[in-house]
Amino acid sequence: MTEPSLERPAEHSQSRSLVTNSSILVVSRIITAVFGWAGTVVIARTLSPEDWGQYAFVFGLLGIMALITDLGVGRVVLARLAADDHDEARQVAGSFILLRGLLGTLGFAVAIAYAALTGLSVTMVAVVAFAATSVILATPANALLVLYQARLRLVPVALWDIVAQLVQFALVLVVAWASPSLAWFIIPAIAKELVVLVARTTGVLRGSLGSVPDFSAGTKYWGEMLREAIPISIGFALIMLLTKVDILILQRLDTYDAVGMYAIGYKFSDLVIMVTVTISVPITTVLVRSWPDDPETFRHRTRQAMVVAGGLGALASIGFWPTADFFVGLLYGETFVPASHAARILVVSSAISGVTNIGLVALVAARKLSVFPWVAGAGVLLNVGLNYLAIPRWSYDGAAVATLITEVVMFVACLIVVQASLRIRGSVPWGPLIRQILLAASVIAPAAVLIGFSGWPWPPVIIVALVLFVALVEYSGSLEDVTLLGRIPARIRRGRKDH
């Protein structure tokens, strides 16, 4: 006789949808990250260190334009896009896409204005203007992503993202072979955004989401969207500024060579944060739907996402900290090995910020962001102050340490705000997260000693370290109901009972 499932049918269906969408997105993001990473390796090895630093600066600047092009509006309209009133949802979708298109144009203009007003050379201003066309393409594409997210139809998005990344990588190889230069290497990035936009638009117009956006409402919903998005906009704008301002400060206080070194570290850390951001996409939809009528589901999914984000971040830190010198040298060449220490610190910072990101998702879903902008603002001031103190003394290593300190402070502050704002007992898994941190540190330390000082080969050491960490977090309850090893004995017992 089989044991009855403890999950309700609706909850089981929700779990299956979450697993499906999260899994395909994670796989897609990993594949795109690998090819994107390979592209940056080709670019970094082909360009001079100064040109690579300029390339990294340009796209770092464009990344900050999300302060303008996003404004948190997508999170505000998510619930209405998933509502049962399809006619209104179509109008909201159309109005939302138009608004994001306008914001993309505004972001394009602001990027050029920053480049011109901060005294960059005419050539660099032109390069920024050329690269900023990718912002105009990416902004409506990201608006369409919210439509897919609202319906939890993320599989086609994931597949086309892979195709777009392959197109970019192929063009990078062509440019590297035919005419390697800073300006020509921008074309592949623009081409990628164009493919994504066309694919998502085609899917929507073909009715793959069940309905097509209605643009007849025009600007009707803009005021409502922007008013509701104000606290989200401020909070996320400050978070974005907090994570990217160090590149701008480094460019002002140091050289493009230093920016290029620092960018190497970000290439590794971006992979870590990418995975947790991917997890948050379907989680956001579930949390929005469950608030405020189903607080138990909200609590359960929030805790679940946090422990998963924490565990993945810990695994990344364990795998990378002892092996940073090897991978930086292997991928980018001996010239960039001095960036290894900064890369280690940035990877750990991203591991921590992954949990913070889940906390922000919970606050957004519950519309409890009145306090967080103040916390984020304090974090930005802390980060800027630390960067201005550390960069003149320790260059990009100092910038990395400033980022780590800021991320730790934001991690603690954000989770406190989540706990106080939601007022749902047990919404933050403090115990499991603290145990994960301590267990990860206890595994990283001996692995780093064995590889870095004793000269042991890294593959077996890292494999043992990762397996040991998984076993320790599993049997210490640090993953709660997100278990792997613990289910094996239970399934064996159930199998014996069935027979």
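The values are calculated or read from the model by the stated rules, or taken from the named source; none is laboratory data. All values derive from a computational prediction rather than experimental measurement. Here Cβ is always computed from backbone atoms with ideal geometry, including for glycine, and neighbour counts include all displayed protein chains. Side chains are part of the model used for accessible areas, which takes the heavy atoms of the whole protein and leaves out ligands, DNA and RNA. Shrake-Rupley method; radii C 1.70, N 1.55, O 1.52, S 1.80 Å.
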Check: What number, rounded to the nearest 500 deg cm²/dmol, is the helix-based mean residue ellipticity at 222 nm of the chain, given -39500 (n - 2.57) per DSSP H run of at least four residues and division by all its residues?
Finding: -28000 deg cm²/dmol
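Please say if region 141-283 is rounded, prolate or oblate, where rounded means a/c under 1.5 for a ≥ b ≥ c the square roots of the C-alpha gyration tensor eigenvalues, and otherwise the choice is prolate for a/b larger than b/c and oblate otherwise?
Details: a/c = 2.06, a/b = 1.31, b/c = 1.57.
Oblate is the answer for region 141-283, as a/c is 1.5 or above yet b/c matches or exceeds a/b.
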Check: Is the shape of region 161-205 best called rounded, prolate or oblate, per the rule: a/c under 1.5 gives rounded, else a/b larger than b/c gives prolate, else oblate, with a ≥ b ≥ c the square roots of the Cα gyration tensor eigenvalues?
Finding: prolate
Check: Once phi is turned into ³J(HN,Hα) by the Karplus curve 6.51 cos²θ - 1.76 cosθ + 1.60 with θ = phi - 60°, what whole-Hz value does each residue of region 368-382 show in order, with x for glycine and proline?
Finding: 10, 10, 5, 8, 4, x, 5, 5, 5, x, 5, x, 4, 4, 4
Checklist line | Accessible surface of region 416-484 [probe 1.4 Å, protein heavy atoms]: carbon and sulfur percent | finding: 75
Checklist line | Summed residue charge, Cβ within 13 Å of ASP257's Cβ, Lys/Arg positive, Asp/Glu negative | finding: -3
Check: What figure in square angstrom, to the nearest 10, would you give for the accessible area of ASP293 with a 1.4 Å probe?
Finding: 140
Next item on the list: State the answer as a single residue: which of ALA376, SER442, ALA150 lies farthest towards the positive end of the charge dipole of the chain, with beta carbon charges of +1 for Lys and Arg and -1 for Asp and Glu, about the Cα centre.
Entry: ALA150
Checklist line | the chain - percent relative contact order, Cα under 8 Å, separation 6 or more | finding: 19
Notebook entry, point to check: Using only Cα atoms, what is the ratio of the radius of gyration of region 282-417 to 2.2 N^0.38 Å?
Noted result: 1.23
Item checked: Environment charge at PHE320 (Cβ cut-off 12 Å; Lys +1, Arg +1, Asp -1, Glu -1) -> +1
Next item on the list: Compare GLU50, GLU88 by solvent-accessible area with a 1.4 Å probe and give them largest first, with all protein chains kept in place.
Entry: GLU50, GLU88
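Hey, can you find the accessible area per residue of the chain for me, probe 1.4 Å, expressed in square angstrom?
With the other protein chains kept in place, the chain gives 44 Å² per residue.
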Check: Quick one: with all protein chains in place, what share of the accessible area of region 254-332 is carbon or sulfur, to the nearest percent (1.4 Å probe)?
Finding: 63
Next item on the list: Starting from the amide H of ASP214, placed 1.01 Å from N in the peptide plane, find each other amide H under 5 Å away whose residue is 5 or more places distant or on another chain.
Entry: GLN91, ALA93, GLY94
Next item on the list: Rounding to the nearest 20 debye, state how big the charge dipole of the chain is about its Cα centre with +1 on each Lys and Arg Cβ and -1 on each Asp and Glu Cβ.
Entry: 960
Check: ³J(HN,Hα) across region 294-300 via Karplus (A = 6.51, B = -1.76, C = 1.60, θ = phi - 60°), whole Hz, x for Gly/Pro?
Finding: 10, x, 5, 4, 4, 4, 5
Check: Which of rounded, prolate, oblate describes region 391-473, given a ≥ b ≥ c as roots of the alpha-carbon gyration tensor eigenvalues and a/c under 1.5 marking rounded, otherwise prolate only if a/b is larger than b/c?
Finding: oblate
Checklist line | region 236-374, relative contact order in percent, only Cα pairs under 8 angstrom and at least six apart counted | finding: 37
